[in-house]
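Asks: Just passing along the structure, written as structure tokens.
The values are calculated or read from the model by the stated rules, or taken from the named source; none is laboratory data. Just so you know, these numbers come straight off a predicted model, no measurement behind them. Here the Cβ positions follow ideal geometry from the backbone for every residue, glycine too, while neighbour counts run over all protein chains shown. Surface accessibility is based on the protein's heavy atoms, side chains included, excluding ligands, DNA and RNA. Shrake-Rupley method; radii C 1.70, N 1.55, O 1.52, S 1.80 Å.
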Amino acid sequence: MKLLLRSAKIIDFNSAYHQKKVDLFIKDGRIEKIGTSLKISEVDKEIKLKDLHISPGWFDSSVSFGEPGYEERETISNGLKVAAKSGFTHIALNPNTNPVTDDNGAITSILSKAKNNAVKLAPIGSLTKAGEGVDLAELYDMHQGGAIAFGDHKKSIAHPNLLKLALQYAQNFDGLVLSFPQDNKIAGKGLVNEEVSSTFLGLKGIPALAEELQIIRDLYILEYTGGKLHIPTISTEKSVRLIKEAKKKGLDVSCSVAIHNLLFTDDLLKEFDTNTKVLPPLRTKKDIKALIKGLKEGTIDMVTSDHSPIDIEHKKVEFEYALFGSIGLESAFGALLQVFTLDETIGFLTGSRKRFGLKIPVIKEGKRANLSLFSPEGTYNFTTQHIHSSSKNSIFLDSKLNGKVYGVISGKNLILSE
């Protein structure tokens, strides 16, 4: 396929064309020519879009679908289409399936189902067998099969020796270990942030202490063992401070934050909308301020949509019985632009690949086309019409978002949102 993009402004900090408005000619999945007012004969499709911007393809470090086992929530096929229409060319898929992704065969099966897609899928393997937190899974075999990291999704590692063994063992192949930051002995059966709002609403709380104690423990173990640790979706002011101090010590630790934890406080819970039931829970304005600062100064390494489709039978129930989680791919770009500049937003959406040992694409002649297409201009009200996911459980429904995602070009694949 021969594609010609007209008047596209490039946002790519590693490209000589950063901040320049140019034409791009793409032939058979590669960028053949970059310049102004290109004259190319025999073009299959010429793309002209209002205020078109392009950047290296976006990556999300924490995405859940459902298949295998929970196809009613989302399939791999449709989930990858959702990612493409949301501007992502690469996603890391969590192992919270049935059965859990805990061996080489499961990794191979998932990669096979995602083959030849516009969006590249990078599987995260379960850290423990069946995700039960008792015995280590076959980490090296999964690594050989294509797993980029290992963690029990939204499940803390209760036994400290298990984390110690995982960090020590993974060093043999430079593996990245994930540890969800929640001490369940403290969190108990909590549903929301433990604060004034939880008391007012009569809901059981998850104190910030549950997150922070787990992080303190994990950092002590990391300091003892060495290795590489990633702490997904932190949510409190003190968590930011703890990780900042650990990095100053030279510990090889990274962390992420869910985009919804950057915009919404626990005040949103007043309507008992189960779409606002997320884990970690929505915290306070003070926490949001610290998380945003942590991102800007580099203490927090990445953002994630923390995309988690939940079928209606497990969301349209009483708040206490609803499952945790919100979809977030479709709203990720527009939500980030509510808080950050365009350069900051694109930096967050492209830079986190490096932590997982993945190459960051560059917009350059001769390189494979790996592009996100978008406009940062305009605002809109996010509704179900903007949702491509099978499940509709979005915390962003009826929120004001910025910009517009047009789609992606990934190799020979062109996927547009409309």
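Asks: Using a Debye calculation, one point per C-alpha and no hydration shell, please list log10 I(q)/I(0) for the chain at q = 0.13 Å⁻¹ in order.
Replies: These q points yield log10 I(q)/I(0) values of -1.12.
Asks: How many percent of the alpha carbon pairs in region 247-334 exceed a separation of 17 Å?
Replies: For region 247-334, the share of Cα pairs beyond 17 Å comes to 55 percent.
Asks: While we're here: Per residue, what volume in Å³ does the convex hull of the Cα atoms of region 168-286 enclose?
Replies: About 106 Å³ per residue, rounded to a whole number.
Asks: Mind checking region 1-94 for trypsin sites (Lys or Arg not before Pro) that DSSP puts in a loop (not H, G, I, E or B) and that have at most 11 other Cβ atoms within 10 Å?
Replies: Loop-located and lightly packed - Lys39, Lys48, Lys50.
Asks: Here's something else I'd like to know. Using the Cα centre as the reference, give the magnitude of the dipole from point charges on the C-beta atoms of region 204-245 (Lys, Arg: +1; Asp, Glu: -1; all else neutral), rounded to the nearest 20 debye.
Replies: Approximately 80 debye in magnitude.
Asks: Whenever you get a sec, line up Glu344, Glu212 from highest to lowest accessible area (probe 1.4 Å, protein heavy atoms).
Replies: From most accessible down to least: Glu344, Glu212.
Asks: Per-residue ellipticity at 222 nm for the chain, helices alone: DSSP H runs ≥ 4 residues times -39500 (n - 2.57), over residue total, nearest 500 deg cm²/dmol?
Replies: Calculated at 222 nm, the ellipticity per residue is -7500 deg cm²/dmol.
Asks: For Cα pairs less than 8 Å apart in space and 6+ apart in sequence, what is the mean separation divided by the residue count of region 256-386, i.e. the relative contact order in percent?
Replies: In percent, rounded to a whole number, it is 23.
Asks: So how tilted is helix 104-113 from the main axis of the chain? Cα-based, degrees 0 to 90, rounded to 10.
Replies: The angle comes out at about 40 degrees.
Asks: Starting from the 7 Å offset along Cα-to-Cβ, what nm value, one decimal, do you get for the label separation of Asn184 and Tyr140?
Replies: Here the modelled spin labels are 2.9 nm apart.
Asks: Under unit Cβ charges (Lys, Arg +1; Asp, Glu -1), what dipole magnitude, rounded to 20 debye, does the chain have relative to its Cα centre?
Replies: Once rounded to the nearest 20, the dipole reads 1440 debye.
Asks: Simple spin-label model, 7 Å along Cα-to-Cβ: Thr199 to Asp267 in nm?
Replies: 1.9 nm
Asks: Do the alpha carbons of any pairs in Lys155/Lys404; Lys39/Lys359; Lys296/Lys364; Lys48/Lys392; Lys2/Lys81; Lys270/Lys315 sit beyond 24 Å of each other, and which pairs?
Replies: In this structure, Lys155/Lys404; Lys39/Lys359; Lys296/Lys364; Lys48/Lys392 lie more than 24 Å apart at Cα.
Asks: Need the C-alpha centroid separation for region 262-316 versus region 65-138, integer Å.
Replies: Comparing the Cα centres of region 262-316 and region 65-138, I get a distance of 22 Å.
Asks: In region 1-158, what is the volume of the convex hull around the alpha carbon atoms, normalised per residue and reported in Å³?
Replies: 142 Å³
Asks: Of Leu262, Gly298, Ser41, whose Cα points farthest to the positive end of the dipole of the chain (charges on the beta-carbon: +1 Lys, Arg; -1 Asp, Glu; origin at the Cα centre)?
Replies: Ser41
Asks: I want to verify the translational diffusion coefficient of region 329-389 in µm²/s; compute it with Stokes-Einstein, Rh as the Kirkwood radius over Cα pairs, at 4 °C and 1.567 mPa s.
Replies: Translational D for this selection: 94 µm²/s.
Asks: To continue, here is another question. Output ³J(HN,Hα) for region 223-231: one whole-Hz value per residue in order, computed from phi by the Karplus curve 6.51 cos²θ - 1.76 cosθ + 1.60 with θ = phi - 60°, and x for Gly and Pro.
Replies: 4, 6, 8, x, x, 10, 10, 10, 10
Asks: Shifting gears a bit: Taking H as built 1.01 Å from N, whose amide H comes closer than 5 Å to the amide H of Asn193, not counting residues under 5 places away?
Replies: For Asn193, whose amide H was placed from the backbone, the distant partners under 5 Å are Ile206, Leu282.
Asks: Using a Gaussian network model on the chain with a 10 Å cutoff between Cα atoms, which of Thr75, Thr345, Thr383 fluctuates the most?
Replies: Evaluated over the chain, the most mobile residue of the options is Thr383.
Asks: Can you list the HN-Hα couplings for region 34-48, worked out from phi with the Karplus curve (6.51, -1.76, 1.60; θ = phi - 60°), rounded to whole Hz and with x for Gly and Pro?
Replies: 3J(HN,Hα) across region 34-48, in whole Hz: 10, x, 9, 6, 5, 10, 10, 8, 6, 9, 6, 8, 9, 10, 10.
Asks: Then there's this: Rounded to the nearest 20 Debye, what is the dipole magnitude of region 1-102 about its Cα centre when Lys and Arg each give +1 and Asp and Glu each give -1 at the C-beta?
Replies: It comes to approximately 800 debye.
Asks: Which ³J(HN,Hα) values, rounded to whole Hz and listed in residue order, are derived for region 69-81 from phi using the Karplus coefficients 6.51, -1.76 and 1.60 in 6.51 cos²θ - 1.76 cosθ + 1.60 with θ = phi - 60°, glycine and proline given as x?
Replies: For region 69-81, the Karplus-derived couplings read x, 10, 4, 5, 7, 5, 9, 5, 4, 6, x, 6, 5 Hz, x marking Gly and Pro.
Asks: Give me the base-10 log of I(q)/I(0) for region 65-150 at each q in 0.24 Å⁻¹, Debye formula, one uniform scatterer per Cα, rounded to two decimals.
Replies: Per q value, in the given order, log10 I(q)/I(0) is -1.15.
Asks: Return the long-range amide H neighbours of Leu337 (sequence gap of 5 or more, or a different chain), with a cut-off of under 5 Å between placed amide H atoms.
Replies: HN-HN under 5 Å from Leu337: Asn402.
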